[in-house]
Amino acid sequence: MELCDQTAARLAALLRKGEIRSRDIVESVFRRIGEREESIHAYISTGYDAAMKQAEEADSALLKKTPASVLAGIPTAVKDNLCTRQMRTTCGSRILENYVPPYDATAVKRIMEGGAVMTGKTNMDEFGMGSSTETSFFGPTRNPWNPEFVPGGSSGGSAAAVAAGEAIVALGTDTGGSIRLPSAYCGVVGIKPTYGRVSRYGLISYASSLDQVGAIGRSVEDCAMVLSLICGHDPRDTTSAPVKMDLVLESLKKGIKGLRIGLPAEYFVEGLDPRVKDMILGAASLLERNGARVKEVSLPHAGHAISAYYLIATAEASSNLARYDGVKYGFRAEEVRDTLQMYELTRSMGFGREVKRRIMLGTYALSAGYYDAYYLKAQEARALIRRDFDKAFEQVDSLIAPVSPGLPFRLGEKMDDPLQMYLVDVYTVSVNLAGLPAMSIPCGMVDGLPAGMQIIGRPFDEETVLRVGHAYEQLNGAGSKKEES
């Protein structure tokens, strides 16, 4: 097996034993990029020379037995909505096509200070607005398992890079499922931490009350390694929670004996692909046979999640994206007669169709006479959804659910039907509305395409989410790669 196909945990162990060098891993990753990137298009920008320099620094520290962290020397991809001081940050949009930030996002700074090697910036739906990584100005990313299918979105580039061996781990962001959905579709592990657990400083905003930075890897342990670096309070982010992060790596092996796991009744209804349903229920049964206690719970307001999400997220997007006006930075329309026309042409030419659609939806929801009828009602529904989770967690320690109603779909299949595209997120958006931690983990294959299982936890209880995921991973073993039909 090539080094680029190994888990971060395995490579970190070999690095510490001196059996391999970071330089060897980076070379393997970039060879794979050369072989597969043309067909997958996981990256917007890559940086071989900078990566090799970082690898040499990591190798020097490892040789001296002074690695900066567990991630030292590990090739790591970064989603292109996280600011990077020495590489452009585009958000997958023409309007930021050549923007190079003057600073690093806190999450990026922390992995770099930990000795990680940044391979490049990954492709994404424009400003995170999409579920398939098809809305990127730079063209779509394709699923490494079958390039005719989407990798999910909006962190599709990050998930595809890890799945294809074009990175070992990656940073992604999750506003309504944007880490979990592509992780499920690409057959990798992805975790969205609790809102406030990871600093959003340097994350270019889509919906500020929903966005959260997280990790994608080949195993639960890989994701825990990334979380051990990026989590923690940041005074530069007013939404960053002053909550200490437990030692997540040590908690993985606590097992699941006695843990109470809930199955939300509202998530296993008509519209869910029966093959996916069977795999999720099979996973729950496996956990139950090995010491967990599984029971059905109810989230009675789950049916309002999509409507509430697409009102709140678009309203916040309307506000956040107002800054892109051609005046301060980014794309600017030329040959205009006055300032007003410059604003109009800059935004109409700089944004893609989906971004403009969401800006208009959000502006309408916030407009005079409609604020109470739409935005305020959505916030009330959000409170009810959060209360449902609180009541469920009085009975159980974690929840198991599907990530998506179905399997990966073909490129172009849903692009002309926004409602069908939005419904792909029906099982993920409620977690963002409630600010909870949740993880996607592979649970099977159908017709050569992966399916994922979602594990949801209490606020700031990433430990239990990781424990359940790690236990399932160990119990299922190679079964997660087994072809099922």
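Points worth noting:
- In a reduced charge model with +1 at each Lys and Arg Cβ and -1 at each Asp and Glu Cβ, the chain shows a dipole moment near 980 debye about its Cα centre.
- Potential lengthening between A265 and E97 on full extension [0.36 nm per residue; Cα-Cα distance subtracted]: 56.1 nm
- Over the chain, dividing the summed -39,500 (n - 2.57) contributions of all DSSP H runs of at least 4 residues by the number of residues returns a 222 nm mean residue ellipticity of -11500 deg cm²/dmol.
- Qualifying lysines (Cα of each under 28 Å from Cα of K328; at least 8 residues distant if same chain): K79, K109, K121, K356
- Each peptide in 69-79, 421-431, 466-476 receives the mean, over its residues, of other Cβ atoms within 10 Å, and ordering these scores from highest gives 69-79, 421-431, 466-476.
- Over the range 303-380: Rg over Rh, Cα atoms, Kirkwood Rh: 1.08
- Available extension along the chain between H233 and E148 is 26.5 nm, counting 0.36 nm per residue and deducting the alpha carbon span.
- Anisotropy class of the range 159-280 from Cα gyration tensor, a/c 1.5 cut: rounded
- Each peptide in 122-134, 101-113, 287-299 gets a packing score, the mean of other Cβ atoms within 10 Å over its residues, and the list from highest to lowest is 122-134, 101-113, 287-299.
- Cα gyration tensor shape of the range 363-481, rounded if a/c is under 1.5, else prolate or oblate by comparing a/b with b/c: oblate
- Mean Cβ neighbour count within 10 Å, used as a protection proxy, ranking 434-445, 87-98 highest first: 434-445, 87-98
- Among [x] 1.20; [y] 1.05; [z] 0.92, the entry derived from the coordinates for Cα Rg over 2.2 N^0.38 Å: [z]
- Percent RCO, i.e. relative contact order, over the range 350-485, from Cα pairs under 8 Å lying at least 6 residues apart: 22 percent
- Charge tally in the Cβ shell below 10 Å around A302, where Lys, Arg are +1 and Asp, Glu are -1, A302 excluded: -2
- Calculated FRET efficiency for the pair E250/L286, C-beta based, R₀ 25 Å, to 0.05: 0.55
- Taking a ≥ b ≥ c as the square roots of the Cα gyration tensor eigenvalues, the range 31-117 comes out oblate, since a/c reaches at least 1.5 and a/b does not exceed b/c.
- For the range 49-78, backbone nitrogen atoms closer than 20 Å to the point 7 Å from R16 Cα along Cα-to-C-beta are found at 55-76.
- Relative contact order of the chain, pairs being alpha-carbon contacts under 8 Å that are 6 or more residues apart, as %: 16 percent
- Reachable lysines from K257, criterion Cα separation under 27 angstrom, eight or more residues apart if same chain: K192, K244, K277, K295, K391, K481, K482
Every number in this text was worked out from the coordinates using simple rules, so none of it is lab data. Please read these numbers as outputs of a predicted model, since none were measured by experiment. Don't worry about glycine lacking a Cβ; one is built from the backbone with ideal geometry, like all the others, and counts go over all protein chains shown.
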